[in-house]
Each structure stands twice: as C-alpha cells, then as structure tokens.
Amino acid sequence: MQNRRTFIQQVVSAGALAAVSGAGLLSCTRSETKKITILHTNDVHSQIDPLPQHHYKYPGLGGFARRATLIEKIRLENPNTLLLDAGDIFQGTPYFNYYGGELEFKLMSKLGYDIATLGNHDFDNGIEGLLAQMPNADFQFISANYDFTNTALDGYVKPYKVIAKDGVKIGVFGLGIELEGLVNKSLYKETTYLDPIEIAEEMVRVLKELEQCHIVICLSHIGYNYRDSNKVSDRVIAQKSKGIDLIIGGHTHSLLPKPEIVKNKEGEDVFINQCGKSGVYMGQIDFYLNDKGEKQTVNGKAIPV
C-alpha cells in the first residue's frame, strides 16, 4: 500500500493534467460582479422517469426530461453554470438491471454534466462493470481518497478537476465513503480507502496554492451527518478543514431546503448542501464574486423537479 504522501503526489500530477487549459486569473480591468452557478444532484439511483403518481412522498416528481428543461433554463439565465453529481448514479430501477448504467451515463452526458464522484452503489456491477460504462460518459469522474492504483480503474478517475468560467477558476475534488462493510470486496477489489479529512486538507492546498482556484468545492459521497459524532461526515469535514467553500453531499439522502453554513477550523463559513434522492430535487448554489475573485455573497436553494 502506498503511503498518503506518495499517493497525493501522484494524484496531484494526474489532476493537473485534467485542469482546463487557458484558465487565467481574473482580469484587473473589469469591475463587474461575476456570478457562478453550481447545479447538483445526488443519489439519483437510476430514476430515469418521474416517480409514479401513487408515490407515498413525491408523486410524479423527478425524471431526466424535466431536469433537462430546468437546467437549460438556468444556463440561459447564466452561462457560467456547472453541473455536478455526488454519486450513487446506479441501482434502484430496472433500467440499471437491464442496461448496467449505460442509459444513466448517456443521459447525464446529454444534460451536460461536468463532473461526478463515485458512490458505493456505483460499484454494484464491480469495477469492471463501472469501467465498461465509462465510455458513455462525457464528463469527468473524480475521487481523491480512493486509490485505484492496483485496479482496472487506475487512471480513469482523477482526484480533482479545475474548470474556468468567465475567468473564475473553480476547483472540485471528490471524496468517497469507506467501501468496506457497504460493498463486497470482490466488487471494489484492491481499491484503497484513504482518510478523507487528511486528503481534503491536501486537496485544498493543491487547489488554492498550485491551481490558484477562487472557489473550492468538495463533491462528497460520505454523508451529511451522523448521530455518532466520531463518524466522518460532511459536517465533520467542514469543521476540521479549512479553505473549502462548498461541500456538495450524497449518501444519506438528506434534503436540505437551503445550504447549511458550518464554521471551519479557522472560523470561516463552509456551505453544505444535499438534495434528497431519486432526482426529485436539484440543488442550486450561486456564488457572487468581485473582479478580484473574492466571494461577496452565496445563495442556495433546492429546486423541485
């Protein structure tokens, strides 16, 4: 097993190659406010169609077609929009049983997803099954605390990705939940789980110092919060780290009507959001920055689909 420092050095090199080229610093000649919109989903679980009208909680909500309409409308209002998914794309309807994830990835590509991280259910057809569907995805998979070195996924999943919108550099890194106990080892094989808090600190350093990002986002499939305060969650990561602006979560199917604000270890605000499951809601976070790339205001909400 590699030590953490060696692994980080390797993933930083890999991630740097994945960064968007030509992403310069903000122009000093402009003074207008810049708006960056982050749209996100989590735990869609192969829910391609709207939920049935007799659903006990969300009758008739959701579906890829409705989400596509919402995304198109928001992009027309603000072209500086990113679309992210926090994992558990697979498993939950016969579409996955029959197509093995092909339909999910193709539809996400049609909707223009930029980045996704991996959830535990995305390993349900094994590493080989996941890898077989990746050619259908026109977006980048990221996970910084899964070391895939000795698996078939080595090189296919990056630790982070940097995207530039209107001169603003947004760095997104992925974190995944510990697979042992959730997933049969025969499915994830030699994947090594690394401490998410330590990896988060390293990723922030890379994205802030090396990549010079204005916004740092953690795309997490670890879970919003747990009764056991010692169990790692999005809230714990926020409290024990610094430099993360937004944590977009998954796994616990938590529906937050608006982002929660948690203070990090330096007393700065970290926004945490998660939008339930099955695609019945989509999250929206709007960052407003000045011409120096400094955050002025952050707004967020959950949008029913």
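The values are calculated or read from the model by the stated rules, or taken from the named source; none is laboratory data. Keep in mind it's a predicted model, so treat the numbers as computed, not measured. Cβ sites come from the backbone with ideal geometry, for glycine too, and all protein chains shown count toward neighbours.
Of the residues that make up region 91-110, is at least one within 16 Å of the chain's Cα centre (by Cα), aliphatic (A, V, I, L, M), within 26 Å of V162 (Cα to Cα) and modelled with pLDDT of 95 or more?
Yes, region 91-110 contains at least one residue that is within 16 Å of the chain's Cα centre (by Cα), aliphatic (A, V, I, L, M), within 26 Å of V162 (Cα to Cα) and modelled with pLDDT of 95 or more.
Could you tell me whether any residue of region 44-57 is under 21 Å from the mean Cα position of the chain (by Cα), modelled with pLDDT of 95 or more and within 22 Å of L246 (Cα to Cα)? It would help to see each step written out before you state the result.
Residues of region 44-57 under 21 Å from the mean Cα position of the chain (by Cα): 44-48.
Still in the running and modelled with pLDDT of 95 or more: 44-48.
Going one step further and asking which of them are within 22 Å of L246 (Cα to Cα), we end up with 44.
Yes: region 44-57 contains one or more residues that are under 21 Å from the mean Cα position of the chain (by Cα), modelled with pLDDT of 95 or more and within 22 Å of L246 (Cα to Cα).
How many of the residues making up region 148-158 are buried (at least 21 other Cβ atoms within 10 Å of the Cβ), touching a residue at least 60 places away in the same chain (Cβ under 8 Å) and over 17 Å from the mean Cα position of the chain (by Cα)?
Here the count works out to 0.
Can you pull out the helices (runs of 4 or more DSSP H) entirely within region 38-114 that have at least 2 residues that are among the acidic types (D, E)?
The qualifying helices (runs of 4 or more DSSP H) are 64-77, 102-111.
Tell me, which residue of region 162-194 that is of a type in the set (D, E, K, R) and modelled with pLDDT of 95 or more is farthest from V206 (Cα to Cα)?
The extreme case among them is K185.
Does I199 satisfy the condition of being under 17 Å from the mean Cα position of the chain (by Cα), crowded, with 17+ Cβ neighbours inside 10 Å and either assigned to a helix (DSSP H, G or I) or at positive phi (or both)?
Yes.
Quickly run through region 279-305 and pick out the residues that are of a type in the set (G, A, S) and in contact with an Asp or Glu (Cβ under 9 Å, 6 or more places away or on another chain).
G279, G300
Quick check on my filter: what residues within region 74-95 are in contact (Cβ under 8 Å) with a residue 40 or more places away in the chain and either within 16 Å of Y281 (Cα to Cα) or of a type in the set (K, R) (or both)?
I74, L83, L84, D85, A86, G87, D88, I89
Please go through region 269-293 and give me each residue that is farther than 17 Å from I71 by Cα, of a type in the set (A, V, I, L, M) and buried (at least 23 other Cβ atoms within 10 Å of the Cβ), ordered by number.
Those that are farther than 17 Å from I71 by Cα, of a type in the set (A, V, I, L, M) and buried (at least 23 other Cβ atoms within 10 Å of the Cβ): V270, I272.
Given region 140-189, what strands (runs of 3 or more DSSP E) lie entirely inside it while holding 2 or more residues that are within 30 Å of K295 (Cα to Cα) and charged (D, E, K, R)?
Working: elements: 140-142, 160-165, 168-176.
Passing ranges, in order: 160-165.
N225 - would you say it is closer than 20 Å to N42 by Cα and surrounded by fewer than 20 Cβ atoms within 10 Å (Cβ to Cβ)?
Yes: the conditions hold for N225.
Can you work out which of the residues in region 96-107 that are surrounded by fewer than 20 Cβ atoms within 10 Å (Cβ to Cβ) and in contact (Cβ under 8 Å) with a residue 12 or more places away in the chain is farthest from N125 (Cα to Cα)?
Applying the first criterion (surrounded by fewer than 20 Cβ atoms within 10 Å (Cβ to Cβ)) to region 96-107 yields 97-100, 102-103, 106-107.
Next, from what is left, pick out any that are in contact (Cβ under 8 Å) with a residue 12 or more places away in the chain: 100, 102-103, 106-107.
On the way: G100: 7, E102: 12, L103: 15, K106: 17, L107: 19 Å.
Among them, the one singled out is L107.
May I ask you to list pairs of residues, at least six apart or on different chains, whose Cβ atoms are under 6 Å apart, with the first in region 34-50 being under 17 Å from P259 (Cα atoms) and the second being assigned to a strand (DSSP E or B) and aromatic (F, W, Y)?
Qualifying pairs under 6 Å: I36/F287.
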